[in-house]
Amino acid sequence: MAKPYEIIDNSGIQTAPLSDRKSKVSREAFGKPWRPGGSYSNFLDFLPDFLAASDLKAVIETVVRAVNNQKPVMWAMGAHVIKVGLNPILIDLMEKGVIRSVSTNGAAIIHDSEIALAGKTSEFVDQSLGSGGFGMARETADFLSKAIKSAEAESMGLGQAVGEAILEDALPYAQDSIFAAGARLGVPMTVHVAMGTDIIHMHPDFDPKAAGAATHRDFLVFANLVSGLSQGVFLNVGSAVVMPEVFLKALSLARNLGNEVGGFTTVNMDFMRHYRPTVNVVNRPTAEGGRGIHLTGHHEIMVPLLAAGVLEGLAAAKADKE
């Protein structure tokens, strides 16, 4: 019969007092039970001070500090943010001077324009793709083709042209459009198009030359905004590829031209972590200073939580001054 394997003799181990050991978790950072009738500030205070809860509170505090110090808060996003009903919250933050610019991809002008045109957007692709009907909404293509041509005629960026067109045409639901809000408030709106990704690119009246020129003007506007980002906040919400790539190039261009852009905070918010936002938003831009933060969760939950926390923080700061 085989002999048992030899075991280590642990009788001589050296121990140390628990009180002398450094620990990552302490009861002072525990969460607190909810008390019915409490305020949103109570809710934030009751969160445990660990991991994602700490990061959420850190982003709120950083945005509040940037706004109070007149530093830019740049909001970049994918179109999904519009599709989950967050336009009213973003418009409110723009009106209150929190969001100082909005940058997004080509799909955003489609969904935003359709909301302004008809109060609805986002078709059922699987129901129309088989027949070739996907992306064939007439009013969407006509409106945006006209806006793109006006951008060319007026030497405007694409985002500004779409916002101005929504206001000029007095579209029925213009009050729900973030691009119309940008035009109304003077908040820079930039659109960064990848040719072939958007439904309007299929339509015969679409002018690729005008669209390309307009989106390139928006890149230069965006780079100019990035050149003033020091001590500010850049949030990338739901853009997995386009905006992280555009941000990295704009930052390099701004620094190449002699702008010392540093000490800012970058935040990536999405329901899962992707490679490009991790390296091009959170890690690389802040490698020589500043801070990069991930907030992982669904936009329709996380954005309202963040917005409410920022507004509560700004109100508290104002009350302290008074």
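With 27 Å as the limit, the listed pairs Lys96/Lys321; Lys24/Lys318; Lys120/Lys318 have Lys24/Lys318; Lys120/Lys318 beyond it between alpha carbons. You can think of it this way: the chain between Ala53 and Asp320 has 93.7 nm of extra reach, that is 0.36 nm per residue less the Cα-Cα gap.
Distances between placed amide hydrogens fall under 5 Å for Ser103 paired with Trp75, Ala76, Met77, Thr190, all partners being 5 or more residues away or on another chain. If you roll a 1.4 Å probe over segment 158-283 with all protein chains in place, what percent of the accessible area is carbon or sulfur? Its accessible area is 54 percent carbon and sulfur atoms.
Between Ser26 and Lys96, the C-beta separation translates, for a Förster distance of 25 Å, into a calculated FRET efficiency of about 0.10.
Net charge of the neighbourhood of Leu47, taken over other residues with C-beta under 9 Å away and scored Lys/Arg +1, Asp/Glu -1, is 0. Taking Lys and Arg as +1 and Asp and Glu as -1, the other residues whose beta-carbon sits under 11 Å from that of Glu164 total -2.
With contributions of -39500 (n - 2.57) from each DSSP H run of at least four residues, the per-residue ellipticity at 222 nm computed over the chain stands at -14500 deg cm²/dmol. Entry comment: accessible area of the chain is 54 Å² per residue, from protein heavy atoms only and a probe of 1.4 Å. Shown for the chain are the DSSP H helices of 27 Å or more along their axis, judged by Cα atoms, with a mean Kyte-Doolittle hydropathy of at least -0.5: 299-321.
Cross-link partners of Lys209 among lysines, defined as those whose alpha carbon lies under 17 angstrom from its own and excluding same-chain residues fewer than eight positions apart: Lys146, Lys149. Electrostatic tally near Lys71: other residues with Cβ closer than 12 Å to its Cβ, Lys and Arg +1, Asp and Glu -1, net +2.
The values are calculated or read from the model by the stated rules, or taken from the named source; none is laboratory data. Fair warning: this is a prediction, and the values are worked out from it, not measured in the lab. Cβ sites come from the backbone with ideal geometry, for glycine too, and all protein chains shown count toward neighbours. To get the accessible areas, we keep the full protein, side chains included, count just its heavy atoms, and leave off ligands, DNA and RNA. Shrake-Rupley method; radii C 1.70, N 1.55, O 1.52, S 1.80 Å.
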